[in-house]
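The values are calculated or read from the model by the stated rules, or taken from the named source; none is laboratory data. As the structure is a prediction and not an experimental result, all values here were calculated from the model. Virtual Cβ from ideal backbone geometry, glycine too; neighbours counted across all protein chains shown. Ligands, DNA and RNA are excluded from the accessible area calculation, which covers all protein heavy atoms including side chains. Shrake-Rupley method; radii C 1.70, N 1.55, O 1.52, S 1.80 Å.
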Amino acid sequence: WISPLSGDAPVRLWNDPARTPNIYQNFIAHGINLPNAIGENPLCCPGRSNILTGQHSHNNRVIQNRARQFDPAEHIGKAMMEAGYASYYVGKYLNNNQQLGQWLWPQHDAGWTQLDVIKGVNGDYLDYWLHTKQGNQYVGGVHSTQMIADRAVTHLRSTPANQPVFAALSM
């Protein structure tokens, strides 16, 4: 939102095709608006777990910012992959995911064609480690939003033209 200096009503940047034409054209004009949607949690891990599982916190049992509380047995990536989609998750995943030892990452990788997530306490923006299904990679000097965009494009380009795609890009 932009709060105007005058007494006019606030303006949504993304809702103005003159100010943000790409966002407007690609998301607003052809997207879905959920005006009554709410997020039940003000915390990162519980909120992201709600999105990944479609379950309330009392059902998915993630009530704190601890990645280890998340049970990766069921998430939307697996459901989409089972339905024939290429499934990608790129960006910030869950807080404190550095606590997921190497033995736990394969469980989180399962169900994603590619899982490229920023490792750490709360995600980083510059000079960070990235967990990928191919192994950990250091990313230096590239802002995380640019990395997310670049990897998403690379994954989308590598997907066969006739395969549907589910992608979660997160910051």
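Taking the conditions (1) surrounded by 18 or more Cβ atoms within 10 Å (Cβ to Cβ); (2) more than 17 Å from Leu169 (Cβ to Cβ) in turn, Ala73 satisfies each one other than (1).
Could you please find all residues in the stretch 112-131 being under 19 Å from Met80 (Cβ atoms) and either open to solvent by less than 10 Å² (accessible area, probe 1.4 Å) or among the acidic types (Asp, Glu) (or both)?
Going residue by residue through the stretch 112-131, those that are under 19 Å from Met80 (Cβ atoms) are 112-117.
Across the stretch 112-131, the qualifying residues are Trp112, Leu115, Asp116, Val117.
Checking the structure you have, find out if any residue of the stretch 124-138 is closer than 23 Å to His155 by Cβ, out of contact with any Lys or Arg (no Cβ under 6 Å at 6 or more places or on another chain) and in contact (Cβ under 8 Å) with a residue 24 or more places away in the chain. Yes, there is a match, as at least one residue in the stretch 124-138 is closer than 23 Å to His155 by Cβ, out of contact with any Lys or Arg (no Cβ under 6 Å at 6 or more places or on another chain) and in contact (Cβ under 8 Å) with a residue 24 or more places away in the chain.
When Tyr88 is tested against (1) under 26 Å from Leu156 (Cβ atoms); (2) open to solvent by 70 Å² or more (accessible area, probe 1.4 Å); (3) in contact with a helix residue (DSSP H, G or I) (Cβ under 6 Å, 6 or more places away or on another chain), exactly one condition is not met: (2). Considering (1) at pLDDT below 90; (2) open to solvent by 10 Å² or more (accessible area, probe 1.4 Å), the lone condition that Leu100 does not fulfil carries the number (2). Figure legend. Inter-residue proximity from the stretch 144-156: first residues touching a residue at least 60 places away in the same chain (Cβ under 8 Å) and within 14 Å of Ile118 (Cα to Cα), second residues part of a helix (DSSP H, G or I) and open to solvent by less than 10 Å² (accessible area, probe 1.4 Å), beta-carbon distance below 6 Å, spacing 6+ or different chains. No pairs are indicated. Only one of the numbered conditions (1) hydrophobic (A, V, I, L, M, F, W, C); (2) touching a residue at least 24 places away in the same chain (Cβ under 8 Å); (3) touching a Leu at 6+ places or on another chain (Cβ under 9 Å) is not met by Ala110, and that is (3). For the stretch 24-42, filtered to residues that are open to solvent by less than 80 Å² (accessible area, probe 1.4 Å) and of a type outside the set (Gly, Ala, Ser), the residue that is modelled with the highest pLDDT is Asn41.
Of all residues in the stretch 44-70 being part of a helix (DSSP H, G or I) and among the charged types (D, E, K, R), which is most open to solvent (accessible area, probe 1.4 Å)? Please lay out each step first, then the result.
Quick first cut of the stretch 44-70, residues part of a helix (DSSP H, G or I) only: 44-53, 57-60, 67-69.
Filter again for among the charged types (D, E, K, R), leaving 48, 68.
Numbers: Arg48: 39, Arg68: 135 Å².
It comes out as Arg68.
Filtered by the rule that a residue be in contact with a Phe, Trp or Tyr (Cβ under 7 Å, 6 or more places away or on another chain) and either assigned to a helix (DSSP H, G or I) or farther than 14 Å from Ser170 by Cβ (or both), the stretch 78-118 gives Met80, Tyr85, Thr113.
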